[in-house]
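Colleague: Sharing a structure below in structure tokens format, with a few things to ask.
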Amino acid sequence: MRLLTLRLTISLIVGITLISLLSSYYEVRFQKRGLRRDLEHRAEVLGDSLADKVEPYLKKGSRKELQVIVDQFGNRERLAGVAIYNVQGKSIATTPDLVPRLTTEPAVVQQAAASGQSAGQFIRLGEAPVYIYAVPLHQDEAIVGGLAIVHDASYINAQSRRIWRETFLRVLVLVFLITLTTLLIVRWSITGPIARAAQWMRALRTGKASFRPALPDLDLFRPLAREMANFAASLTAARSAAEKEAQLRQTADAFWTAERLSVHVRDRLGNSRLFVVANREPYMHRHQGKDVEAIVPASGLVTALGPVLCACDGTWIAHGSGDADRETVDKHDRLRVPPDDPRYTLRRVWLSKEEEEGYYYGFANEGLWPLCHIAHTRPMFRASDWEHYERANRRFADAVLREMEGMDRPVLLAQDYHFALLPRMIKKARPDARVAIFWHIPWPNPEAFGICPWQRELVDGLLGADLIGFHIQAHCTNFLQTVDRTLESRIDWEHCTVNREEHRTVVKPFPISVEFLENPAPAEAAESIYMDRVALLRELGIEASFLGVGVDRVDYTKGILERFLAIERLLEKYPAYREKFTFLQVGAPSRTHIKRYQDLLSEVESEAERINWRFQTGKWKPIVFMKRQHSHHEIQRFYRIADLCLVTSLHDGMNLVAKEFVAARQDEQGVLVLSRFTGAARELPDALLVNPYDIEQTAEALRFALEMDIEERKSRMQRLRRVVREHNIYRWAGALIAELCEVRLDEAANKLEPQSKWMPNEQSGEAIRVDQSVDDFRDAGPVTAAGDQVSPLPERGYGVGHGH
């Protein structure tokens, strides 16, 4: 560092000196040129004026008068003297001080007399620099002599010397001040931060880190600072993960972390690459004024799969929906993410507004969404929407196949009902790929799904996957029953597999969850929660003793209207809760240009206003409807301060709000009132389970939650948290990928063990079971004595669908 300081100081001294000298050189030249021009101008004015006075006396031949004139001008400042010459070059009159110095006629006077025009010249008379300005003298039209005006020019050189002297002194002062300032800056802004950063890195290395350098210190070295910060974060996380893993191993704990998931995925994938297809992208770019900002959408999927893709340098293929997304990708529509620490690739797929309208809002959300949710909203199926859905699936499949080029045995994980056709498309092009799709919404019974005009195409597309995941076993069963009724296939009911077109698909439940942060609640948590509640009530302008919370998209499957009716019934039956219980409904508007959602939003607002109008008094009202998008941080605040969380979905695949509420309650308080029609109800039996259609039951559950004693609340929440902790989002992702990596590919699936079929007994006519190969079993279905096909026998472990 001393050598660096010395080099920097010497460089500054030399640089400042050279720049100052060069600047002074040009300044001296500029001023010298200016002074000369000024002198020439004054000489010209004086010469013209003096010539007019001299010519009449020269005509008279009066030397005495001419000498008087030149003597008068001999005393002027910076004027050395005046001399008058005749045409022969002899002096007629000369200022006395010039006589010994100007012994002969100057050449410039001869030049002026010869040309008939005035002229000037800088020369030296002895040791003194002078400027001589010569003016021709006329008599009538003839030139009869010349006038020489001699100015002392030594002051110009004196001025130049003064500038050089001042420049030298200025350089000395500048060098001293700048060197001193540089040394201070180096010490305070470079040496100090580097020393502190080194101390920080040493503390991290030794595991004794207790501080981090201030941001201004790190911002001085921005590229290096980012890498240092990322390195420090990675090192801290790695050490924390190692310590946590050691603790978990010591206690035989099954808690999953992002780091544990990363190691697990690397081990399972080996040399394979992971590709994720989802409609939603993990990072969206939007314009914020003149800047472009990267936004992370609130999504448990991003939380779960981000560490996986980082661990294996995978690729996430998604619809680019941000208004600045096209500006941030390369020519192949790719970019590396996360922005601060790029670890995997985001590949964006572009859809036109018409395609997005038909594929996403049309077929996916007006068709499949209401079809799969038993919420009594009629699905809309339009041929044009189906065409867009097929086209969008093909576009995503093409993007996936391009990304897979050159990859050996890639692994694909598709997400949700937007991509039912994609597995078959990928599998046909890349049979060596392991393909899975996770269906995040329920799968209805076969009768309900049979409404869809394209049920065969959807089911066939899904069966292109090696693994299909649902939230709960009931959805798996519904899917297998749908397959049985829709397509020709062989179903192993015992192992939940489907064989179709010599391809084997495993169907299993993988209950999704949320991230669980193990931060023990501090001793002052209760006081902090109380203060947060007071602050929130003040912000809302209401007064209440009990708070309930609901967090949902405004969707007809969430049972928001039924929830409000239950609150109304609670206040009817138990007036003591009036002016005491307030329910905060966070309702994020969703798909608002679909008419059904527009109508629902209006209904929800009207119902909240009606109930508030009926019961509201003073600063209290029963329902606060917050109709906007809220950040994850804001929602966590609502979860922490609420006495209860009300989840009344009419039909839901899982419903992560229930698990988010449990994960947020580090104080082990609060009560979860949960619809039994959610997937979460299977995992969280310590919640108060209700039928949201039963308004009386839900109202009683609310009363019971508000009156539950502290010990029971705590014990219930502890058991709920234990479930969410052990089955968190990372465990879900690990189980899904592990199962996908273990499924048999097609070449192995063709070597199935002999199956059984039913044949008529020639003597009795009854159907009997006989063994035969898979190929024979595919060719001849089970028949009765009369030659009719019989229904599959699940208890035997197999079934054959006949496309009823």
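Colleague: Considering each of 731, 703, 722 in turn, give the residue that is of a type outside the set (Asp, Glu) and either over 20 Å from residue 654 (Cβ atoms) or not in a helix (DSSP H, G or I) (or both).
Modeller: Details: 731 fails: either over 20 Å from residue 654 (Cβ atoms) or not in a helix (DSSP H, G or I) (or both); 722 fails: either over 20 Å from residue 654 (Cβ atoms) or not in a helix (DSSP H, G or I) (or both).
So the residue among 731, 703, 722 that is of a type outside the set (Asp, Glu) and either over 20 Å from residue 654 (Cβ atoms) or not in a helix (DSSP H, G or I) (or both) is 703.
Colleague: Among the residues of segment 24-50, which ones are without any contact (Cβ under 8 Å) to a residue 12 or more places away in the chain and hydroxyl-bearing (Ser, Thr, Tyr)? Don't jump to the end; show me each part of the working.
Modeller: In the first step, residues of segment 24-50 are kept if they are without any contact (Cβ under 8 Å) to a residue 12 or more places away in the chain; the result is 25-26, 29-30, 33-34, 37-38, 41, 45, 49.
Hits for segment 24-50 are 25, 26, 49.
Colleague: Here's another thing I want to ask about it. Quick one: residue 53 ticks every box in (1) without any contact (Cβ under 8 Å) to a residue 60 or more places away in the chain; (2) basic (Lys, Arg); (3) within 15 Å of residue 161 (Cα to Cα) bar one, so which box is it?
Modeller: Exception for residue 53: condition (3).
Colleague: Looking only at residues in segment 599-636 that are small (Gly, Ala, Ser) and not in a helix (DSSP H, G or I), which one is least open to solvent (accessible area, probe 1.4 Å)? I'd like the intermediate steps shown before the answer.
Modeller: Narrowing segment 599-636 to residues small (Gly, Ala, Ser): 602, 606, 608, 618, 631.
Next cut, not in a helix (DSSP H, G or I) only: 618, 631.
On the way: 618: 77, 631: 55 Å².
Looking at the filtered set, the residue picked out is 631.
Colleague: So, residue 398, is that one open to solvent by 50 Å² or more (accessible area, probe 1.4 Å) and within 17 Å of residue 315 (Cβ to Cβ) or not?
Modeller: Answer is yes for this residue.
Colleague: Could you please find all residues in segment 476-499 being open to solvent by less than 10 Å² (accessible area, probe 1.4 Å) and under 43 Å from the mean Cα position of the chain (by Cα)?
Modeller: 476, 479, 480, 482, 483, 497, 498
Colleague: Here's another thing I want to ask about it. Does segment 667-685 include one or more residues that are of a type in the set (Ser, Thr, Tyr), free of Cβ contacts under 8 Å to residues at least 60 places away in the same chain and in a loop (DSSP other than H, G, I, E, B)?
Modeller: yes
Colleague: Right, something else. Restricting attention to segment 500-513, does a residue exist that is touching a residue at least 40 places away in the same chain (Cβ under 8 Å), surrounded by fewer than 18 Cβ atoms within 10 Å (Cβ to Cβ), more than 21 Å from residue 732 (Cβ to Cβ) and not small (Gly, Ala, Ser)?
Modeller: yes
Colleague: Out of (1) within 28 Å of residue 552 (Cβ to Cβ); (2) open to solvent by 20 Å² or more (accessible area, probe 1.4 Å); (3) without any contact (Cβ under 8 Å) to a residue 40 or more places away in the chain; (4) in contact with a strand residue (DSSP E or B) (Cβ under 7 Å, 6 or more places away or on another chain), the odd one out for residue 288 is which?
Modeller: (4)
Colleague: Given the options 40, 44, name the one that is touching a strand residue (DSSP E or B) at 6+ places or on another chain (Cβ under 6 Å) and either surrounded by fewer than 12 Cβ atoms within 10 Å (Cβ to Cβ) or farther than 23 Å from residue 99 by Cβ (or both).
Modeller: It is 40.
Colleague: Just give me the residues in segment 109-123 being surrounded by 14 or more Cβ atoms within 10 Å (Cβ to Cβ) and either within 13 Å of residue 147 (Cα to Cα) or of a type in the set (Gly, Ala, Ser) (or both), in sequence order.
Modeller: Going residue by residue through segment 109-123, those that are surrounded by 14 or more Cβ atoms within 10 Å (Cβ to Cβ) are 109-113, 118-123.
Answer for segment 109-123, where residues must be surrounded by 14 or more Cβ atoms within 10 Å (Cβ to Cβ) and either within 13 Å of residue 147 (Cα to Cα) or of a type in the set (Gly, Ala, Ser) (or both): 109, 110, 111, 112, 113, 118, 119, 120.
Colleague: Right, next: Kindly check whether there is at least one residue in segment 91-108 that is among the hydrophobic types (A, V, I, L, M, F, W, C), open to solvent by 50 Å² or more (accessible area, probe 1.4 Å) and in contact (Cβ under 8 Å) with a residue 60 or more places away in the chain.
Modeller: Scanning segment 91-108 turns up no residue that is among the hydrophobic types (A, V, I, L, M, F, W, C), open to solvent by 50 Å² or more (accessible area, probe 1.4 Å) and in contact (Cβ under 8 Å) with a residue 60 or more places away in the chain.
Colleague: I'd like to verify a number: residues in segment 104-148 that are within 24 Å of residue 59 (Cα to Cα) and outside any strand (DSSP E or B), how many?
Modeller: Qualifying residue count, segment 104-148: 17.
Colleague: Let me ask another. Only one of 538, 533 is assigned to a helix (DSSP H, G or I) and closer than 26 Å to residue 700 by Cβ; which? Reasoning before the result, please.
Modeller: On the way: 538 fails: closer than 26 Å to residue 700 by Cβ.
Of the residues listed, the single one that is assigned to a helix (DSSP H, G or I) and closer than 26 Å to residue 700 by Cβ is 533.
Colleague: Under 6 Å between Cβ atoms, at least 6 apart or on separate chains: pull out the pairs that start in segment 547-570 with a residue that is modelled with pLDDT of 95 or more and of a type in the set (Gly, Ala, Ser) and end on any residue that is open to solvent by 10 Å² or more (accessible area, probe 1.4 Å) and in a helix (DSSP H, G or I).
Modeller: 566/695
Colleague: Hey, among 14, 54, which residue is more than 27 Å from residue 153 (Cα to Cα), open to solvent by less than 100 Å² (accessible area, probe 1.4 Å) and either modelled with pLDDT under 80 or not acidic (Asp, Glu) (or both)?
Modeller: Values: 54 fails: more than 27 Å from residue 153 (Cα to Cα).
It is 14.
The values are calculated or read from the model by the stated rules, or taken from the named source; none is laboratory data. No experiment lies behind these values; they were computed from the predicted model shown. Cβ: placed from backbone, ideal geometry, glycine included. Neighbour counts: every protein chain shown. Ligands, DNA and RNA are excluded from the accessible area calculation, which covers all protein heavy atoms including side chains. Shrake-Rupley method; radii C 1.70, N 1.55, O 1.52, S 1.80 Å.
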